[in-house]
Amino acid sequence: MASDETRPAVETRRLVKKYGAFTAVDHLDLKIARGETYGLLGPNGSGKTTIVKMLCGLIKPTGGEAFVLGSNAGARSVAPRTGYMPQETALYLDLTVHDNMSLFGEIYGMSKTDIEREEASLLKFIDLERWRNSTVTNLSGGMRHRVSLACSLLHGPELLFLDEPTVGVDPELRASFWSYFDALRERGVTVVLTTHYMDEAHHCSRIGLLRDGQLIAEGSPREITESVGVESLEAAFLALARRGGGREL
Amino acid sequence: MSFSFRRSFAITKRVFRGMRHDRRTVGLIVVAPLLSMFIFGIAFSGNVTNVDTVIVNLDEGYLAGRIISNLDEDTLDIRFADSEAKAVAEVENGDAWAAIVFPEGFTTNVLAKLEDGSFVGDTTIGVRADKSNVNIAAEVLRTVRDAMTQTISETGRESPVSIGDRPVYGEGVEFIDFFVPGIMAFAVFQLTTLLTLLSFVGERTSGTLERLRASPVRESEIVAGYAMAFGVIGMLQASLLLIVATLVFKITIVGNPFLAYIIVALLAVVSVSLGILLSSAAKREAQAVQFIPFIVLPTFLLAGIFWPVEAIPSILRPLSYLIPPSYAVEAMRSVILRGWGLGDIWIEIVALLGFALVFLVASVKSLQRATG
């Protein structure tokens, strides 16, 4: 499939991932438009991380198709236009904050000037300017999370995959993360994130509710709660899970 | 997207930047090879000395006395007993390693036998040694034999046969000269494999490898970046070892040290790719540590560091040829001690290149992305 700017940012067709007899992702059909903030929502083990890893080309699907920015998921040509923040901190603990950011900037082909400019701006945003020359090992868990996010944003990706970006993050930082994701959406960046916090999904323009690797509902948070006739997404998820699914609302 | 040296170099820089804050690893890289050289160099190059020996001289003539005076006093600590039974008793109770007995009529009998080969009389110097330590027993016998040869020659009766020792290579070479090229290869192979193994298990468990694999960096660029870093580190280790070995142990360097650096760098590339390969079989650092004996022991025993591959039993020898450091040790010895050039060590270089190629391809495969 040729790259095409008019195609969705992410598209999957009957995407399947099996580990032996266990089906982690079960015939998933997704379409995420450019500029959307899309949340993959579901409990632990529902297949969220597996989907993101397949979209990033880190694991191979068992069946079906996946396209990212108009190209096959995992195509190397797409990598410079996407950003990925794994669930783990995924930073070099023996390097300083600056060295980590420089490394990822250089890998994405940024010039030294661009790296320094973006680094200064991002460190200001994550409020870690004075920790620039500290080794990551000396930072708290929350600080590491912020640096990890900054590393995935440094090269200005069009499409950002964030795997559980707010896990283990205090409420204040979670709020600032979401305000930044909102700012990214305003700049036209597509954000695909996974979370199991139902209460923060209202920040997303659309969400996909996952259970046992299947998409049991998709739409804006309001569309989902209204269609089920409940107040919260958590109640909607429980109601849909009891019904045993319902592919599209 | 083709191979990018810039991206690869970014990985190389990452290794060095990490070491800036990791003094323990830097210490390991610098101190471990030096320590190995000092410990093994001193321990193995030492001669056997001060062996408690009891001599029983029953000879009435001059010959036994002359042989005794020609015995190496550094090797043997000599005291005397008046009977063989007393001397052997000292060996039996562990107070001496050997008893040397010169029989009655020794001088007379030897001289008679020199005049008439068919003369029958006791001309045997009895050596009753504690052979529970074969090295010491062998040294006692060698010392007695040397003293005997020297004494006979002093009497003006030279052997009609002599050995003309004119070495083709290795004039004045001692054990430490033989050993330093081996320890260079050993240190580089062992440390590079272990550090890469542990680094990559860390990369896998911390999620950094995933982040890298989701980025534009190619697997070959990651491997090349690490190989460049450890190639340079290997050459620095080799330089350090050569400098200290020259200054402290006064080792002989006949050949071109730069050729030795090339061999070391090539071995480092092999080691990096082996470390990456092994890391794919370890899920945690604790599992990686279990590989250490499999890296250290075969190299230590079979790569020809302490004794030549030719001294290894033929049933195990094929294993030596499957161990990359064997080729590096042989090539480095040839360069440093024989002064050989690239044209003389091409077989070892080709073997190392072959290992490097196979391991590099396999390590790149082990990191490969799912698609694209």
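Quick note: the coordinates plus some simple rules give every number you see, no bench work behind them. Computed from a predicted model, the values in this text were never measured in an experiment. Virtual Cβ from ideal backbone geometry, glycine too; neighbours counted across all protein chains shown.
Points to keep in mind about this one:
- Most mobile of A:LEU28, A:LEU154, A:LEU139 in a GNM of chain A (Cα contacts under 10 Å): A:LEU139
- Cross-link table A:LYS60/A:LYS112; A:LYS48/B:LYS283; A:LYS112/B:LYS13; A:LYS18/B:LYS365, entries beyond 25 Å C-alpha to C-alpha: A:LYS60/A:LYS112
- Note on the range A:7-61: percent of Cα-Cα distances in each 5 Å bin, starting at 0 and stopping at the bin with the largest distance, equals 4, 18, 29, 28, 14, 4, 2, 0.
- Of interest is the spacing of the C-alpha centroids, which for the range B:106-125 and the range B:136-186 amounts to 27 Å.
- Overall form of the range A:81-204 per C-alpha gyration tensor (a/c, 1.5; a/b vs b/c): oblate
- Amide H contacts under 5 Å for B:ILE55, placed H, 5+ residues apart: B:ARG79, B:PHE80, B:ALA81, B:ILE100
- Helix B:346-367 vs. chain B, principal-axis angle (Cα, 0 to 90°, nearest 10): 40
- Charge dipole of the range A:54-131 about the Cα centre (unit charges at C-beta), most positive-ward option of A:GLY57, A:MET101, A:LEU123: A:GLY57
- Estimated dipole of the protein assembly as shown in Debye, rounded to 20 [Cβ of Lys and Arg +1, of Asp and Glu -1, Cα centre]: 3260
- FRET efficiency, 1/(1 + (r/R0)^6) with R0 30 Å, evaluated for B:ALA281 and B:LEU353 via beta carbons: 0.75
- Averaged over the residues of peptide B:204-210, the number of Cβ atoms from other protein chains lying within 10 Å of each residue's Cβ is 6.
- Eigen-decomposition of the gyration tensor built on the alpha-carbon atoms of the range B:74-163 gives equivalent ellipsoid semi-axes of 27, 17, 11 angstrom, largest listed first.
- For the protein assembly as shown, taking the reciprocal of the average inverse distance between every pair of different Cα atoms yields a Kirkwood hydrodynamic radius of 29.8 Å.
- FRET efficiency, B:PHE300 to B:ILE78 (Cβ-Cβ, R0 41 Å, nearest 0.05): 0.60
- Each part gets one Cα centre, and for the range A:162-182 versus the range B:257-301 those centres are 41 Å apart.
- Potential lengthening of the chain between B:ILE292 and B:ALA32 amounts to 92.1 nm, from the contour at 0.36 nm per residue minus the alpha-carbon distance.
- Net charge contributed by nearby residues that have their C-beta within less than 12 Å of A:ALA66 (K/R +1, D/E -1): +3
- Other protein chain Cβ atoms within 10 Å, averaged over every residue that makes up A:135-142: 1
- Among B:PHE102, B:PHE291, B:PHE179, residue whose mean-square fluctuation peaks in a GNM of chain B (springs only between Cα atoms under 10 Å): B:PHE102
- Cα gyration tensor, the range A:156-215 - rounded (a/c under 1.5), prolate or oblate: oblate
- Annotation: peptides A:157-166, A:110-119, ranked by per-residue average of other Cβ atoms within 10 Å with the highest first, follow the order A:157-166, A:110-119.
- Amide hydrogen neighbours beyond the local backbone of A:VAL16, cut-off 5 Å, H modeled: A:HIS27, A:LEU28, A:THR62, A:GLY63, A:GLY64
- Spin-label pair B:VAL173/B:ILE243, simplified geometry with 7 Å Cα→Cβ offset, distance in nm: 2.6
- Working from label points 7 Å from Cα in the Cα-to-Cβ sense, the A:ARG222 to B:THR205 distance is 4.8 nm.
- Modelled this way, with points 7 Å down the Cα-to-C-beta line, the labels at B:SER162 and B:GLN368 are 6.9 nm from one another.
- Share of pairwise Cα-Cα distances greater than 15 Å in the range B:1-48 is 64 percent (whole percent).
- For the range A:116-125, backbone phi angles converted through the Karplus equation (6.51, -1.76, 1.60; θ = phi - 60°) give residue-by-residue couplings of 5, 5, 5, 4, 4, 5, 5, 5, 5, 4 Hz, Gly and Pro being listed as x.
- Legend: calculated FRET efficiency, A:THR62 to B:TRP346, from the Cβ-Cβ distance at R0 = 45 Å, rounded to 0.05, equals 0.40.
- For residues of A:91-97, the mean tally of beta carbons on other chains within 10 Å: 6
- Residue-count net charge about B:THR25 - beta-carbon cut-off 13 Å; Lys, Arg +1, Asp, Glu -1: +2
- Around B:VAL335: net Lys/Arg minus Asp/Glu count, Cβ-Cβ under 15 Å: -2
- Sparse packing (at most 16 other Cβ atoms within 10 Å of the Cβ) combined with a DSSP loop state is found for the following chymotrypsin sites (Phe, Trp or Tyr not before Pro) in the range B:307-372: B:TYR321.
- Helical contribution to [θ] at 222 nm, DSSP H n ≥ 4, -39,500 (n - 2.57), averaged over the protein assembly as shown, rounded to 500: -16500 deg cm²/dmol
- The Rg/Rh ratio of chain B, with both radii computed over alpha carbons and Rh defined as the Kirkwood radius, is 1.16.
- When its C-alpha radius of gyration is set against 2.2 N^0.38 Å (N residues), the range B:125-235 gives a value of 2.14.
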